[in-house]
Structure formats: C-alpha cells, structure tokens
1. Quick one: length gained pulling M190 to K166 fully straight, 0.36 nm per residue minus the C-alpha distance?
2. Below 8 Å between Cα atoms, with a sequence gap of 6+, how large is the relative contact order for segment 113-157 in percent?
3. How high is the relative contact order of segment 101-226, in percent, counting Cα pairs under 8 Å that sit 6 or more residues apart?
4. Measure off 7 Å from each Cα along the Cα-to-Cβ vector at A123 and N89, then give the distance between these two points in nanometres to one decimal.
5. Nearest 20 debye, what's the magnitude of the dipole of segment 134-212 about its Cα centre given +1 on Lys and Arg Cβ and -1 on Asp and Glu Cβ?
6. Could you give the size of the charge dipole of segment 121-176 about its Cα centre, using +1 on the Cβ of each K and R and -1 on the Cβ of each D and E, expressed in debye and rounded to the nearest 20?
7. Using the charge dipole of segment 132-226 (Lys, Arg: +1 at Cβ; Asp, Glu: -1 at Cβ; taken about the Cα centre), state which of N187, Y138, A214 has its Cα farthest towards the positive end.
8. Relative to the Cα centre, what is the charge dipole magnitude of segment 71-219, using +1 at the beta carbon of each Lys and Arg, -1 at the beta carbon of each Asp and Glu, and rounding to the nearest 20 debye?
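No lab work stands behind these numbers, since they all come straight from the coordinates. These numbers come from a predicted model, not from an experiment. Cβ coordinates were reconstructed from backbone atoms using ideal geometry, including for glycine residues, and neighbour counts include every protein chain displayed.
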Amino acid sequence: MSTPKQNKKWAKPLGFLVILLAIVGIVFIILTIVRSVTDKAHDKKDKEMLKYQTMLAPVVMNDIDDFDDITKANMSQLIEASVWSIIKNDVATDEYQTEDGMILFPADKIEAEYTRLFGSERAIEHQTVASIGFEFQYDGERGVYKAPITGVDPTYTPKVLDMSEKSNTIILTVAYLSGTGWTQADNGDMVAPTPSKYVRVTLRQKDKAYYISAIQPTSAPETMSK
C-alpha cells in the first residue's frame, strides 16, 4: 500500500502529465486540420505557402477582427493568438510551471512570440485576455500568463490559396474553413468544408523575417468562384 508521502511524490508529475496530454489533444486537432487542407509541396512557392499557413493557424483559429494596420488591431486578440502559438509550438516541452490546473507562460516569451507574429512596430500591452470559454490571466507582479488547460475547437483553420510578392511585402489570399465543418471520407481522408470567407493577409519584412501587418476581407479568387 502506498504511503501519503509516496502519493505526494507522484502528485506533481502526474498532474503535469494530465495537463500536457490535454494540450497535446488541442494541438493535435489544429495541426491535423491544417495538414489536411495542404497539398504536398512540389516547389518553392508551395513550401512558402505551407509555412505561412502554419504561421496563421493560431491567428485565425478564433477569428480575430480584421485590421488595415497592425496599430489598429485588437491588442487582446493579438496576445491571445501569441499564447496559442506558444502552445502549438512548445507542447512537447516541460519547461513551464503549473499551478492550480493552470500552466504559467513567462510574459517575455509571449512578448517574443507576439513580435515574431506581428512585428515590433506596435509594442505589446500586457493584459488579461478573456475569450469564449477560457481566459488567459496576466499576472504583472510575477511576469506570467496563466493559461487554463481546456479543450477548444478552432472556429476557423486557414488555407492559403495564393501568394504574391512585391518588394518587402507578401500578400496572401486565405480561405477560412470552419473548424467544426470537416467530414471524413470512406477512405479516411478529411474532407474540407466550403470556405466561410476569404481574407487578404499582408506580411511585411523586417530583419529578413516577415510579420503580419494587416488582415482584410476580400472576395473569393476567380478560380474559386467559377
């Protein structure tokens, strides 16, 4: 029979394992859908489109508001996307502390991811982010974000349909596919839903990297509307 001391010894690693498995479930759903809408990359342009499609997954998943310029975007939504991006990229690590069913992300790590996604033109304004069914709590004294580990179905998943480059700018035409509208064919392949809407995403270059500077509504490409 195990003793109270032995039970206490295993409580922390077991709790973290449960949290980690929950995150894995969330990320698996997102990545499976994103990969399902992607044809195999045969050339450089296809590979670039796939790269930006993966980059956009945590940004479009909860349908952030359109913005013509990053300085006019909803800050809380930008932070939310940055947190989800960290979860998506770092799910296999055990470097984060947990507390009362929450995982603690250092604010400076969230800020670095924010800068990677949205550039440095507009400084991050740390704050608690409330969304449908969950909240990312900002603790300024400790310099962390507390994220509950809950299952969240993405509202949308992106499919990059076209990409054009000019000078230091890339323009992406992106279809928003319903995260819950997928079906499975008899052969097991995932069948994508009809796009719910289309957006034009503007990426600008700084220090040899591209960041999201605008997300604007657009019409379906001609080849899609015929």
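1. 5.2 nm is the gain from fully extending M190 to K166.
2. 21 percent.
3. Values: 204 pairs, mean separation 23.7, N = 126.
Averaging sequence separation for qualifying contacts and normalising by length gives 19 percent for segment 101-226.
4. 2.2
5. 440
6. Working: 5 positive and 8 negative charges, 19 e Å.
It comes to approximately 100 debye.
7. Highest projection toward the positive end goes to A214.
8. Value, rounded to 20: 840 debye.
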